[in-house]
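Encoded as structure tokens, the structure appears first; notes follow it.
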Amino acid sequence: MLHETEKKLMRTGIFKNRVDMALFLLAKNIGKQNEPVGSWALKADFDNQGFIYSTATIGRYLKMLDSKEYTRLCGNQGRVLTPGGMVWLNSMEERLARARMRDEASQEIQVNEYAELIDLFQARKTIEIEAARLAAINASAEEISHLKGSIAMHYQYVAENRDPIDPALDFHAIVSEISHNKFIKAMLSMLIFEEKQIESSMEILVTRERGSLYVVEHDKIMQAIEKRDGKLAAELMDAHLDAIRSAVIEQVQEFKDAK
């Protein structure tokens, strides 16, 4: 049975399995020491931390660390981290810190009620104006063709009277991707995920009803990107997201008035 700390570590997605996690924990405990540390001392450390591993298992894992050249056996005194082991441990701890920060950020931006979409769209607007500008500068011809394909799909959904939310959001995701700014892409991806979570549960959604209008606005943004006019692309994206945010504000007010 996994200790709570181990469960949290596994949930980060950094480790492929429990063995990889145990190797990290052992290396971390060895790295805390200023002198060689033996398997019995490491077993005691694990016991104190609530990690359940037998002495034989710890010995086997230590040999695995040796084989990876992350640790070195110093006679009968115990093990120390090698320079390579220190680099690996620091790298893993940095990845964990990023994963924890990502999870905390994801928790912070969770949308719990429809009214919070107003703030979400304000955040999207700030990010996507710059995404559109950068896309006009950085997108390749192939990427612009991909963007056109998403708009064609959006037009098809509208013509067939299908829910246009997915192709509409795909357009925005593609613009962020072809901006070639990984931070813009990552932040927008989280925001779109949260938006989808709450909108999927709503039978009546004003932005869903205006798909035929929004696809035309998307088309104009795409044309500005294709012409490499970053200023115009940004202005059009600004106006487009302003219109969506205004529609959400209208619907939130309708919900309040109906109560």
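The values are calculated or read from the model by the stated rules, or taken from the named source; none is laboratory data. Keep in mind that this is a model prediction, so the values were computed, not measured. Note: ideal-geometry Cβ built from the backbone for every residue, glycine included; neighbour counts use all protein chains shown. Ligands, DNA and RNA are stripped out before the accessible areas are found, and what is left, the full protein with its side chains, is counted by its heavy atoms. Shrake-Rupley method; radii C 1.70, N 1.55, O 1.52, S 1.80 Å.
Things worth noting here:
Matching residues to (1) in contact with a Lys or Arg (Cβ under 9 Å, 6 or more places away or on another chain); (2) at pLDDT 80 or above; (3) open to solvent by less than 10 Å² (accessible area, probe 1.4 Å); (4) over 20 Å from S179 (Cα atoms):
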| site | (1), (2), (3), (4) |
| --- | --- |
| K231 | yes, yes, no, no |
| H240 | yes, yes, yes, no |
| Q253 | no, no, no, yes |
| A258 | no, no, no, yes |
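Per-residue answers, yes or no, for (1) assigned to a helix (DSSP H, G or I); (2) touching a residue at least 12 places away in the same chain (Cβ under 8 Å); (3) within 30 Å of L191 (Cβ to Cβ); (4) among the acidic types (D, E):
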position	(1), (2), (3), (4)
K8	yes, no, yes, no
V19	yes, yes, no, no
E35	no, yes, no, yes
A56	yes, no, no, no
G84	yes, yes, no, no
N90	yes, no, no, no
E93	yes, yes, yes, yes
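- When the range 124-139 is limited to residues that are surrounded by fewer than 16 Cβ atoms within 10 Å (Cβ to Cβ) and either closer than 15 Å to A186 by Cα or of a type outside the set (A, V, I, L, M) (or both), the one that is modelled with the lowest pLDDT turns out to be T126.
Results for (1) modelled with pLDDT of 70 or more; (2) in contact with a Pro (Cβ under 8 Å, 6 or more places away or on another chain); (3) farther than 18 Å from L23 by Cβ, shown as yes or no for each residue.
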{"residue": "C74", "(1), (2), (3)": "yes, yes, yes"}
{"residue": "M86", "(1), (2), (3)": "yes, no, no"}
{"residue": "E94", "(1), (2), (3)": "yes, no, no"}
{"residue": "Q107", "(1), (2), (3)": "no, no, yes"}
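- Condition met for A115 (touching a helix residue (DSSP H, G or I) at 6+ places or on another chain (Cβ under 7 Å), at pLDDT 90 or above, open to solvent by less than 80 Å² (accessible area, probe 1.4 Å) and on the phi < 0 side of the Ramachandran plot): no
- Only one entry in L188, L147 is under 16 Å from E226 (Cβ atoms) and not polar (S, T, N, Q), namely L147.
- Contacts under 9 angstrom Cβ, first residue in the range 60-75 being within 19 Å of K43 (Cβ to Cβ), partner assigned to a strand (DSSP E or B) and among the charged types (D, E, K, R), 6 or more apart: L62/R79; L65/R79; D66/R72; D66/R79; T71/R79; L73/R79
- Residue list for the range 28-70, restricted to those being among the aliphatic types (A, V, I, L, M) and touching a Ser or Thr at 6+ places or on another chain (Cβ under 7 Å): I30, I58, L62, L65
- Residue in the range 3-10 that is touching a Phe, Trp or Tyr at 6+ places or on another chain (Cβ under 9 Å) and surrounded by fewer than 16 Cβ atoms within 10 Å (Cβ to Cβ) present: yes
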